[in-house]
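K.L.:
The structure under discussion is supplied below as structure tokens; questions concerning it will follow.
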Amino acid sequence: MSDPPDRQKVIEKYLQGLRQDDGYSHGYLKSDEEVKLFESSLAAINERPQAWQRWLRRKENNISDPDEALIPMKHVASASNQHDFDKAVEALVDSEYWKDERFRSYFEEVWLSVKELWVMSYRLEFDVVLTTNNGIEAQNRVLKAQYVKSSSGKRSLTSLIMTVVHGYLPDKEVKFHEAARGQSSAYRQYSENVPAYLHNRPHGFVKHMLRRLVNAVEYTPTDIYAYFGCSLDNWKRHIVQRDSRSAVDHGEDDIG
């Protein structure tokens, strides 16, 4: 039985192939173990923009403005959900660069064919099978499938803790910050309909507040009543008349 591949050697093999081929290639990674190890490493993310830049700037590829051509490609890579990914691909297809057969072939065959490895929306999902709405169970699947199975050493409690502390949690933190940057004002421009105090807030919270703002505009100062005190005859039962738009429905919404 052969020894498990070394991460650094796998990355070096990939870079060797990258320097000689047009782009993302597994030609120098011979075994399934090597491919899996590389795909789980940050080299797949860090080396992609450099591969694009090198390809776009080669004279034989005849790209008139490599920097401009790189912009729609980056938009595809940074799409944080399926809708944004589809829109980014559509914009790229509609661009003048897509008319170039060499460019189109390069991006379709070399990159889009393995989009699960580099597009942000796919990497955020960690290949979670959507058969449950239980977040804890879903993350348990991720931990087992992506980390525990690929970890070396004995299957012990110590090994599991090391995997969680040094692999799973750091990766989750990286993905959290990537998602936060994707929703920040530094990354994209907010719609004029979104008030400034909702900028750089969690996406779910912003959606919740915008829905409530639509209802809030229907109220006027005359709808507000002041109560300076109240008393109850029976503390075990108290019926309150309320409008259907009361804040009681607040608990029905996910604002996390």
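Coordinate-derived values only; no laboratory data. Remember, it's a predicted structure, so these values are computed and weren't measured experimentally. As a convention, Cβ positions derive from the backbone with ideal geometry for all residues, glycine included, and neighbour counts pool all protein chains shown.
K.L.:
Quick check: residue separation of His75 and Val164 times 0.36 nm, minus the Cα distance between them. What number comes out in nm? List each step's numbers first, then the result.
P.N.:
Details: separation 89, 0.36 × 89 = 32.04 nm, distance 3.15 nm.
Net length gain for the segment: 28.9 nm.
K.L.:
As a footprinting exposure proxy, order Phe85, Phe176, Phe205, Phe107 by other Cβ within 10 Å, with the fewest listed first. Before the final figure, lay out the partial values.
P.N.:
Values: Phe85 20, Phe176 11, Phe205 14, Phe107 23.
Going from least to most buried by this count: Phe176, Phe205, Phe85, Phe107.
K.L.:
May I ask you to order 65-72, 193-200, 168-175 by the average number of other C-beta atoms within 10 Å around their residues, highest value first?
P.N.:
65-72, 168-175, 193-200
K.L.:
Within the set of other residues whose C-beta is less than 12 Å from the C-beta of His199, count the net charge using Lys and Arg as +1 and Asp and Glu as -1. Could the numbers behind the result be given before it?
P.N.:
Numbers: positive: Arg188, Arg201; negative: Glu192.
Around His199, the charge tally is +1.
K.L.:
Measure off 7 Å from each Cα along the Cα-to-Cβ vector at Arg58 and Arg181, then give the distance between these two points in nanometres to one decimal.
P.N.:
With each label point 7 Å from Cα toward Cβ, the separation is 2.8 nm.
K.L.:
Turning to a different aspect of this structure: Which of Thr220, Thr163 comes first, and how do the rest follow, when ranked by fewest Cβ neighbours within 10 Å?
P.N.:
On the way: Thr220 7, Thr163 19.
Exposure proxy ranking, most exposed first: Thr220, Thr163.
K.L.:
Can you work out the FRET efficiency for the pair Glu90 and Ala226, with r the C-beta to C-beta distance and R0 = 45 Å, to the nearest 0.05? Please list the in-between numbers first.
P.N.:
Working: r = 54 Å, r/R0 = 1.20.
About 0.25, to the nearest 0.05.
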